[in-house]
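The values are calculated or read from the model by the stated rules, or taken from the named source; none is laboratory data. Source: prediction; values computed, not measured. Please note: Cβ atoms are built from the backbone with ideal geometry, for glycine as well, and neighbour counts cover all protein chains shown. When the accessible area is computed, the model is the full protein with side chains, heavy atoms only, and any ligands, DNA or RNA have been set aside. Shrake-Rupley method; radii C 1.70, N 1.55, O 1.52, S 1.80 Å.
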Amino acid sequence: MNKIIGVLSFCSHCYTMPKFFSTIVLFSISLFTYSQKGSIQGVVTDKASNLPIAFIAVAVQNASLGGITDEAGNYIIENVAPGLYNVECQSIGFKSAVEFEVEVTLDRPAIVNFQLEELSDSTGTVEIVSSSISNREESPLSIRTIGANEIKRNPGGNRDISRAIRSLPGVAAIPSFRNDIVIRGGAANENRFYLDGIEIPVINHFSTQGASGGPVGMLNVDLIKGVEFYSSAFPASRGNALSSVMEFELKEARTDKPAVNMVLGSSDVAIAAEGAVGKKSGLIVSARRSYLQGLFSLLGLPFLPTYNDFQFKFKTKFNDKNQLTVLGLGAIDKFALNLEIDDDTSSTDFFRNKYLLDNLPINNQWNYTVGAKWEHYKENGKWTFVASRNALQNDAFKHTLNNTELPRTLDYSSNESENKLRIENKIYGINGWKVVYGAGYEYAQFTVSNFSKRYVPALDSAISFNYNANLNLNKYGAFIQTSKTLLSNKLVLSAGLRTDGNAFNSEMSNPLNQLSPRVSMRYSFAPQWSFNASSGIYYQLPSYTALGYRQDEVLVNKDLSYIRNSQVVAGVEYDWNKRNTLITVEGFYKYYDNYLVSLNNGISLANLGADFGVVGSERLQSTGLGRSYGAEFLYQQKFYKGIYGIVAYTFVRSEFTGLSGKWTPSSWDSRHLLSLTGGWKFGKNWEVGGRFLFSGGLPYTPDNLDASLDMQTWNTINAGLPNYALLNSQRIKAFQQLDVRVDKKWFFKKWSLDVFLDVQNLFNSSTPLKPTLDVVRDNAGKPIEDPNRPGFYQANFLDESSAARLPSIGIIVEL
């Protein structure tokens, strides 16, 4: 499938490039160069009270441009040439703040608002400042920040957040076309995502139910302000995560004048609009639709995907003390088979297409999240109330021989929904104390109707599964976290406690069984140097597909437990904030208890999730163990005098046990991860960037040839069956890829234009994947019985490779 997608991307763009660039060159020659300047403006407020702060200096970094806030906290910086700038805010008694990569245009002012936090020990000098890149007391390490412009221009990232974070340490670079997020050797379902503090379970189109990932991200980066990425030391207010927490912050809609952003990309078209709704409210909306189905059909590919997504944010400020945010996002995904090519025996990819048509189901999904957040500021903190609802509908079916008049071999339909309430109280106390406490409640519903045929190793045959299930679940949690700064802000200590429970069984209903303590510290032992450490115990609820699985209307997995993970992390950090540079070295150790193990095949579910389908709908028990450990190095250069870059290296080992109790490398045991990302923004708004990714070879499980090639089994499954007795005993070769991107921007009086060329895998590096087991077929594509072995087919391995040079051209217009 990777090869097919590579051919598609190359063919769909290469023939248009010369004509397209000729047009751009002629167009740019005729453009009139404007001499006007832009401006930057905003408001500075106190983070604790939300009240404006007067007489604060706001300046453009490395430029003699700045402004001072008035009594209402407003400032303006004028006569700024179009381009990218860092804007910083410093004042005696407050922690410094920097907004990186603010884009100034001619058509409207750039809006940059600051919320400043008081220093607990002011010495009358602005030299006591926190890191300009990461400065969370509860998470002093393993937290990374990514700005919207970093995501947009990420080479090979296709403006996709899930792909952009591959540049960070600890994040695996999976050699596939999916967005599976694998952090520090953990499984793809161990991550949690929040949008302006509202949890969003799904962030990818065509996601794997019970896990995460998918080929395309749902979030429109043009609405994103930034991302905070935690790979350890999760705040106590964020539960149900074992490997990472990602906090996405949406932009606030402009209220001075409307704005429109339009993007024509390689696979979709998107539009976003924002503006005022009344005197104190703003609304920002976006919609996106792919055009792959028509293009895939035209090129004769066997699958026809279509995705659509929408997103909005409405915010109103009643007064300085009260504000309301309402947001939503959703997607509609449809996947069809191109059966018209089934008889095209002249195609060079006929046998591969035949295999894909025999195996790929028709899959349709839709999902949404809507939520509201009310913030009430006090003199020394704020109350936050959050209410949200999310739902996922997942349907998949497959007919024998893809003939709708024949019986289905797969007929799956499920719906899961959650209604959530959360309340938090944040208090900024005296003498450097900060306390956050709160509680949450969720009501979840899960229904499923599933008919499928599977191979059962214990029976050595393929049998039919047919069941209907439903699950109604009440969940609850509470948390408290406190931090304290000491020794003139050189030492920061934080401690938190969280507990979760639900009504599924007696063990999980007792919140004392899921007590989740966590501690962290940060000690600045020298100027710009600090030692950071954290330790914690975290819990995650098994997926609804596992909890709701039934046979004969009886819950099968009624004795499951929360998955438990204990983590220890320590490291050293050098923060050269005057040059926007951060260097860290960290070591980590994660130990898992109560991991889900399949009773059908004996393996840990930690090895699953990197494919389409459903994870967890089978007999399971909570007896698996796991461990991952390693070390990370990060050199991060935020935008400085036109230069930016990240150097990240991770050594990681990941192992889990199954029913046998034997420690086995997991499917995510990549061992070595290297990412080199950087770029240069130079004169006349040209920008060039590159990213090199390297990953050690991932383990895989070979096929059970005897079981797979049995004619009755193959006619039912149409695919190879893993030999789990040899779980992850083989490895693919190491993966490496170089991506490059070139941008050119033009700024006009009332609009701006960005044209970019992005090339993934510039050198067409070949990375062999696990060979795909097929059978020998005749010229019509029908399997041939092995003449030397009656009742069995002959094996035919299809060579799989992720090699594909993927050029892509995009146009971005801002009005």
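Taking amide hydrogens as placed 1.01 Å from N in the peptide plane, the amide H of residue 250 sits under 5 Å from those of 196, 225, each at least 5 positions away in sequence or on another chain.
Each Lys and Arg adds +1 at its Cβ and each Asp and Glu adds -1 at its Cβ; summed about the Cα centre, the range 725-771 shows a dipole of about 100 debye. Think of the chain as a dipole: +1 on every Lys or Arg Cβ, -1 on every Asp or Glu Cβ, centred on the Cα centre; then among 77, 608, 738, 77 lies furthest on the positive end.
Explain nothing, just the number: dipole magnitude of the chain about its Cα centre with +1 on each Lys and Arg Cβ and -1 on each Asp and Glu Cβ, in debye rounded to the nearest 20.
Here the chain has a charge dipole of around 1520 debye.
Magnitude of the charge dipole for the range 252-359, about its Cα centre and with charges confined to Cβ atoms of Lys, Arg (+1) and Asp, Glu (-1), is about 1060 debye.
Between amide H atoms placed 1.01 Å from N, distances below 5 Å from residue 94 occur with 119, all of them 5 or more places distant or on a separate chain. By the rule of a C-alpha distance below 13 Å, with chain neighbours fewer than 8 residues away ignored, the aspartates and glutamates paired with residue 37 are 78, 103, 107. Each helix, a run of at least 4 DSSP H residues, gives -39500 (n - 2.57); summed and divided by the residues of the chain, these come to -2000 deg cm²/dmol at 222 nm. Near the amide H of residue 86, within less than 5 Å, lie the amide hydrogens of 61, 101, 102, all on another chain or at least 5 residues away, with H placed in the peptide plane.
Couplings 3J(HN,Hα) of the range 513-522, computed from phi: 6, 10, 5, 10, x, 7, 9, 8, 8, 9 Hz, in residue order, whole Hz [Karplus 6.51 cos²θ - 1.76 cosθ + 1.60, θ = phi - 60°; x for Gly and Pro]. Each Cα pair under 8 Å and six or more residues apart adds its separation to the average, and for the range 244-313 the resulting relative contact order is 27 percent. Where both bridge residues fall in the chain, DSSP classifies roughly 95% of the beta bridges as antiparallel.
Relative contact order of the chain: 12 percent, from C-alpha pairs under 8 Å at least 6 residues apart in sequence.
For the range 139-270, the fraction of C-alpha pairs more than 25 angstrom apart is 23%.
In Å², and per residue, what accessible area does the chain have when probed at 1.4 Å with the other protein chains present?
On the way: 32700 Å² over 815 residues.
Solvent-accessible surface per residue comes out at 40 Å².
Taken over the range 448-575, the alpha-carbon convex hull comes to 161 cubic angstrom per residue. Straight-line reach from residue 382: taking Cα to Cα under 16 Å and skipping same-chain neighbours fewer than 8 places apart, the aspartates and glutamates in range are 46, 117, 118, 196, 320, 424.
Positive end of the dipole of the chain (Cβ unit charges, origin at the Cα centre): among 643, 808, 760, the Cα lying farthest that way belongs to 643. In order along the range 631-645, the phi-based Karplus estimate (6.51 cos²θ - 1.76 cosθ + 1.60, θ = phi - 60°) of 3J(HN,Hα) comes to 9, 10, 10, 9, 10, 10, 10, 5, 3, 8, 6, x, 10, 8, x Hz; Gly and Pro are listed as x. In the chain, the portion of solvent-accessible area held by carbon and sulfur atoms comes to 57 percent [1.4 Å probe, whole percent, DNA, RNA and ligands not counted]. Given R₀ = 45 Å, what would the calculated FRET efficiency be for residue 295 paired with residue 553, taking r from the Cβ atoms and rounding to 0.05? E(calc), rounded to 0.05, equals 0.50. Take the residue pairs 490/578; 354/733; 279/434; 313/420; 638/744; 420/590 and return only those whose Cα atoms are more than 24 Å apart. From the list (490/578; 354/733; 279/434; 313/420; 638/744; 420/590), the Cα-Cα distance tops 24 Å for 354/733; 279/434; 420/590.
Each peptide in 675-686, 511-522 was scored by the mean count of other Cβ atoms within 10 Å over its residues; highest first, the order is 511-522, 675-686.
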